[in-house]
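A short reminder: the numbers here are calculations on the coordinates, not readings from a lab. Quantities reported herein were computed from a predicted structural model and do not represent experimental measurements. Cβ coordinates were reconstructed from backbone atoms using ideal geometry, including for glycine residues, and neighbour counts include every protein chain displayed.
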Amino acid sequence: MNLRRPHFVTAWLLLPALLVLLAFFALPLGTILVYSVGRSAPGSIYIPDLTLANYAALFETPVYVKVMLRTLRIGLVVTLLALVLGYPYAYLMARGRPWLRTGLLLAVLLPLLVSVVVRTYGWMVVLGLDGPVNALLLALGLTRQPVKFLFNETGIVIGLLHVFFPFMVLPLSSVLQKVDPQLEDAARTLGAGSFTVFRRVTLPLSVPGIAAGSMLVFTLSVAAYVTPALMGGAGINVMATLVAQQILVLVNWPLGAAVAVMLVVITLGVVTAYHRFLESGAGVYQRERA
Amino acid sequence: MRPALAAYAVVAATVVFLALPIVSLIVMSFSAAEYITFPPVGFSLKWYGRILQLPGLVDSLLLSLWLASLATLLSLVLGMTAALGLARARFRGRAVVIAALMSPLVVPSIVTGLALLQFFVDRRLRSADWNLLAGHVVITLPYVTRTVLASLEVFDWSLVDTARVLGAGPLRAFWRVTLPIVRPGILAGGIFAFLTSFDNYTISFFLADAQQVPLPVTVFNYINNIFDPGVAALSAVLIYASAVLLVVTERMIGASRLRGF
């Protein structure tokens, strides 16, 4: 008795979801591409054209270049900080005592369930000129004037780090959970100190988790809108806020579309590099063997 | 300091970092002062009493609840159907189909939002609520498809074959065997979908009009315009709701299922 579903049933089951994505995702993305090669003119949001002028403007206008560099810099700093803070966190979440594991899991999941707008607002309250952090710094005598954390890059980095920290910790801890503790025991038996065990065994084996977490945090940070918009204020643009500004304030839809396309290019570039890396470089085993 | 001790210290500091904005908002929400100040002055519940008086709040909240429920329902139907189609089938291009179904996760949501805005404007589709629903289905669908597909991949299909041999029709076998076993995956997918829609700002602020403003957009506007602890009280209520959801999820399907979020 052959109970395998015939092919046409599969196609019918897949069709509704694929059609919805075609209509409301693929076609709109096509629209963005069309807009990005169009022209803008006073009195009209868009004139059809086939010009690369918008992309040229992005790379030739110092303000836009600065925004793109700032976006990438913020993405890198947030990713590095998330990795440095996230590694020990993920390690304890994977290896700690059961109560500690549950506690750390809940501590990282609760913020994830709270709306990004609310969490960013929390940071605005915490980091404000008369907020608790400045009150503490003043009380300890570490500063004589309140430190300005908001409406600059520092604030954006702190906010994004909080918002995307779980995306580093969760993949990292599931990879660390799969690292066989016996391998570490074996290294220790063979005379390796705890730092050597970490550097030569645990760390290399957790590289896939580091790669996954870093890829997620970087792509999410680079494209984030809410946190930079609230914590950066009007003066500090990143690519996502530049998109919104061009579309909603300056009504230059072609340029806004070009910035959006650049965001997709960056994201796809990082995701592709990640998959290449997984296919080749994550073979840490192979490298060690060679 | 021993390395292990240093690691514990870093992790303890990180937990404080994670809790800081959330705890601060809760503390501020009990303030008796007219402005957000630190340390908060006095203790009062008055800001909680005034939440419903925030301009446009009730409409926004109702819209977001409707939007999240409908988007979740549609995504569950579409996502489960697609996952069932993929689960047992092995065909050329299967990986491509999966990548296509997951693609809204890869494209930044600000881009998706803008794309939908330009697409709807081009086609003169001006109904904000339908536009919002379409956008929210697009961003919630991958979560549902992914979690349901993941639970179907570990599902033992011989159980269905057994049910069929014992005389159950395909629908009955699905309803009585497949569905109960993959239910945790469906629930997890549904929770992701609901939260993703309910918290979404970036798609919504492009597609909202003056009347149809989802809650995150309203809260965002409050933050820029209202400086009393009322917004903190509203935020605190949203935080309590998240905490309740986390506890309920932990009881029902185990919080670790939310890892995939």
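Details
- Under 5 Å from the amide H of A:Tyr46 lie the amide H atoms of A:Ala41, each residue being 5 or more positions distant or on a separate chain, with H modelled from the backbone and absent for Pro and chain starts.
- Between A:Leu129 and A:Lys178, residue separation times 0.36 nm minus the direct Cα-Cα distance comes to 13.2 nm.
- In this Cβ point-charge picture (+1 for Lys and Arg, -1 for Asp and Glu), chain A has a dipole of about 540 debye about its Cα centre.
- Region B:8-19 - phi-based ³J(HN,Hα) in whole Hz, Karplus 6.51/-1.76/1.60, Gly and Pro as x: 4, 5, 4, 5, 4, 5, 5, 4, 4, 4, 5, 7
- Shown in residue order for region B:195-211 are the 3J(HN,Hα) couplings computed by the Karplus curve 6.51 cos²θ - 1.76 cosθ + 1.60 at θ = phi - 60°: 5, 4, 6, 4, 8, 5, 9, 5, 6, 5, 6, 6, 9, 5, 10, 5, 8 Hz (x for Gly and Pro).
- Rg over Rh for chain A works out to 1.06, using Cα positions for both radii and the Kirkwood form for Rh.
- Tensor-based shape of the protein assembly as shown (alpha-carbon gyration tensor, a/c under 1.5 rounded, otherwise prolate or oblate): rounded
- Residue order for B:Val160, A:Val271, fewest other beta carbons within 10 angstrom first, comes to A:Val271, B:Val160.
- Selection from B:Thr218, B:Ala236, B:Pro180, by position along the positive dipole direction of chain B (Cβ): B:Pro180
- Where Rh is the Kirkwood radius over Cα pairs, Rg/Rh for chain B: 1.06
- What the Cβ-Cβ distance of A:Ala56 and A:His275 gives, at R0 = 30 Å and to the nearest 0.05, is a FRET efficiency of 0.50.
- Across peptide B:84-91, the mean count of Cβ atoms from other chains lying within 10 Å of each residue's own Cβ comes to 5.
- Across region A:47-289, the relative contact order, built from alpha-carbon pairs under 8 Å that are at least six residues apart, equals 26 percent.
- Our Cα-only numbers for region A:1-109 put the radius of gyration and Dmax at 24.7, 70 Å.
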